[in-house]
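A.B. asks: For reference, the structure I am asking about is given below.
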Amino acid sequence: MSQPVVFTRTETPRPASAEHRSKVLADPGFGNYFTDHMVTARWSTEQGWHDARLEPYHPVELDPATTVLHYGQAIFEGLKAYHQPDGSIASFRPWANAARFQDSARRLAMPELPEEIFLDSLRELVSVDNQWVPTEGESSLYLRPFMISTERTLGVNRPASSYLYTLIASPAGSYFASGVKPVTVWLSREYVRASPGGTGAAKFAGNYAASFVAQAQAAEQGCDQVVWLDAVERRAVEEMGGMNLFFVLGSGAEARLVTPELTGSLLPGITRSSLLRMGERLGLEVEERRITTDEWEQKALSGEITEVFACGTAAVITPVGKVRHSGGEFTIGDGGPGELTMKLREQLTGIQYGELPDPEGWMT
Ligand code: PMP
């Protein structure tokens, strides 16, 4: 039985000046500023998980022959800490991120970080850097756990024998500071994100590296985001950029919520699974199934598809207003944010910011 891993706290904490911090918190944007501290833990074949530390935020030094720089064994997670009405700080389903981090590790032949180390690392960092959690509107502290291989070798015939887990945190402003705006999306038929048997279901760094060229193509077409299709036929809808997609069929009491089924090549989003549960609680019919671009276009034109939205930790819920592809374009509803889209958004942010009851016990 291995010893529990306990975090050693720095004896020289290095808080930024209150002046610098309040300047950053007034307009943090996304991913531009980092808190005063970070957490690290190491894994080796001989010692397993060990050497867990909370230290001042600092650069990581790597030998040029470190395997991650060559073969890219790198995975990450993303979740948020939210200010609560009573002045406390809470996160949303962090154990689901812990489990997905383990799933990603298995796919990349990396060691699984035990759930208690993952959760302890979040608690350690948020408690020491609690002054960095913004308190305005829909702002939050974005938490970025990640793991890289650190063995020094160019050998490529086996996974690395040592790894570094790190957690950093970055204050994040309201994503839609000036109101929720629908996006225009590009159906990517030239590039695919993931293929059967590949790494699409893992939060693997390489998936994101491979996506930039398609995102650039979407931007050239005047679109905000790229929609990924299945690799084989380029017909089934998978996900949008770094978010999962939902389709609303019908409206009012008859509304049905449809999202692409988990095929192994899209990321099982935590917001996605939360919205499926919330939809059921609202008494909606919810379906996880294959949905093709033909069905999307036909049912948008006939009016059967009334709303489409994307969901994820960063932007919560983003309405999709318009869809463009190599053969033309079409609009969803009147192109504005849909009623159910905004209702689900309010309910989810209400739970996250402690303003609505949390019937599933998602906050901690
Ligand atoms: N798909 C991809 C490719 C993503 O990177 C993300 C963000 N993690 C999501 C979907 C949404 O996942 P979540 O709801 O867990 O943030």
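The values are calculated or read from the model by the stated rules, or taken from the named source; none is laboratory data. Quick caveat: nothing in here was measured; it's all calculated off a predicted structure. When we count neighbours, we look across all protein chains shown, and the Cβ atoms used for this are built from the backbone with ideal geometry, even at glycine. Remember, those area values only see protein heavy atoms, side chains included, never the ligands or the DNA or RNA. Shrake-Rupley method; radii C 1.70, N 1.55, O 1.52, S 1.80 Å.
A.B. asks: Using a Förster distance of 30 angstrom, determine the FRET efficiency expected from the C-beta separation of Thr8 and Tyr208, and round it to 0.05.
C.D. replies: For R0 = 30 Å, the calculated efficiency reads 0.40.
A.B. asks: Further question on the same structure: Quick query: amide H of Val133 versus all other amide H atoms, modeled in the peptide plane; which residues come in under 5 Å with a sequence gap of 5 or more or a different chain?
C.D. replies: none
A.B. asks: Normalising by the residue count of region 114-170, find the relative contact order in percent from Cα pairs under 8 Å and 6+ residues apart.
C.D. replies: 35
A.B. asks: Compute the angle between helix 94-107 and the longest alpha-carbon principal axis of the chain, please, reported from 0 to 90 degrees and rounded to the nearest 10.
C.D. replies: The angle comes out at about 80 degrees.
A.B. asks: Can you tell which of Phe34, Gln298, Val183 lies farthest toward the positive end of the dipole of the chain, using +1 and -1 charges on the Cβ of basic and acidic side chains (Lys, Arg; Asp, Glu)?
C.D. replies: Going by the Cα projections, it comes out as Phe34.
A.B. asks: Let me ask you something else. At 1.4 Å probe size, with no ligands or nucleic acids counted, give the accessible surface of Arg256 in Å², nearest ten.
C.D. replies: 60
A.B. asks: Based solely on its DSSP helices, what 222 nm [θ] is calculated for the chain when runs of n ≥ 4 H residues each add -39,500 (n - 2.57) and the sum is averaged over all residues, nearest 500 deg cm²/dmol?
C.D. replies: Estimated from H runs of four or more residues: -7500 deg cm²/dmol.
A.B. asks: Around Pro357, under 15 Å between beta carbons, what's the net of Lys plus Arg minus Asp minus Glu among the other residues?
C.D. replies: -3
A.B. asks: Same structure again: Set the Förster radius R0 to 22 Å, insert the Cβ-Cβ distance between Glu285 and Lys343 as r into 1/(1 + (r/R0)^6), and round the FRET efficiency to 0.05.
C.D. replies: 0.90
A.B. asks: Can you work out the accessible area per residue across region 1-132, with the rest of the protein chains kept in place, probe 1.4 Å, in square angstrom?
C.D. replies: Averaged over the residues of region 1-132, the accessible area is 54 Å².
A.B. asks: So in region 209-364, what percent of DSSP beta bridges are antiparallel if you round to the nearest 5? It would help to have the intermediate numbers written out before the result.
C.D. replies: Working: 22 of 27 bridges.
Of those bridges, close to 80 percent are antiparallel.
A.B. asks: Leaving out ligands, DNA and RNA, what percent of the accessible area of region 154-232 is carbon and sulfur, probe 1.4 Å? Walk me through the intermediate numbers first.
C.D. replies: Numbers: 1940 of 3420 Å².
Reported share for carbon and sulfur atoms: 57 percent.
A.B. asks: At a Förster radius of 35 Å, what calculated FRET efficiency corresponds to the Cβ-Cβ distance of Asn130 and Ala216, to the nearest 0.05? Before the final figure, lay out the partial values.
C.D. replies: Details: r = 38 Å, r/R0 = 1.09.
It comes out at approximately 0.35.
A.B. asks: Still on this structure, please answer the following. Excluding Ser265 itself, calculate the net charge of residues whose Cβ lies under 13 Å from the Cβ of Ser265, where each Lys or Arg counts +1 and each Asp or Glu counts -1.
C.D. replies: Neighbourhood net charge equals -1.
A.B. asks: Would you mind counting up the charge near Lys299? Only other residues with Cβ under 13 Å from its Cβ, with Lys and Arg at +1 and Asp and Glu at -1.
C.D. replies: On the way: positive: Arg256; negative: Asp294, Glu295, Glu297, Glu304, Glu307.
Its environment carries a net charge of -4.
A.B. asks: Write down the accessible area per residue of region 277-353 in Å², having rolled a 1.4 Å probe over the full set of protein chains.
C.D. replies: Result: 42 Å² per residue.
A.B. asks: Moving on to the next point. I'd like to check one number: the per residue accessible area of region 164-236, probe 1.4 Å, reported in Å² as a whole number.
C.D. replies: Ligands and nucleic acids excluded, the result is 42 Å² per residue.
A.B. asks: Would you mind calculating the relative contact order of the chain from Cα pairs under 8 angstrom and at least 6 residues apart, reporting the percent as a whole number?
C.D. replies: Taking the mean separation of contacting Cα pairs over the length of the chain, I get 17 percent.
A.B. asks: Nearest 10 degrees is fine. How inclined is helix 270-281 to the longest principal axis of the chain, computing both from alpha carbons?
C.D. replies: The angle comes out near 50 degrees.
A.B. asks: A further question follows. Angle between the Cα long axis of helix 115-128 and the longest principal axis of the chain, 0 to 90 degrees, nearest 10?
C.D. replies: 80
A.B. asks: If you don't mind, there's one more thing I want to ask. Excluding same-chain residues fewer than 8 positions from Lys203, which aspartates and glutamates have a Cα within less than 13 Å of its Cα?
C.D. replies: Glu77, Asp103
A.B. asks: Also, quick follow-up: Send over the semi-axes of the chain's equivalent ellipsoid, whole angstrom and largest first, taken as the square roots of 5 times the C-alpha gyration tensor eigenvalues.
C.D. replies: Output for the chain: semi-axes of 35, 26, 18 Å.
A.B. asks: Right, next: Rounded to the nearest percent, how much of the accessible area of region 1-75 (1.4 Å probe, protein heavy atoms only) is carbon and sulfur?
C.D. replies: Working: 2630 of 4990 Å².
With neighbouring chains kept in place, the figure for region 1-75 is 53 percent.
A.B. asks: Then there's this: For region 236-320, what is the relative contact order in percent, using Cα pairs closer than 8 Å and at least 6 residues apart in sequence?
C.D. replies: Answer for region 236-320 is 38 percent.
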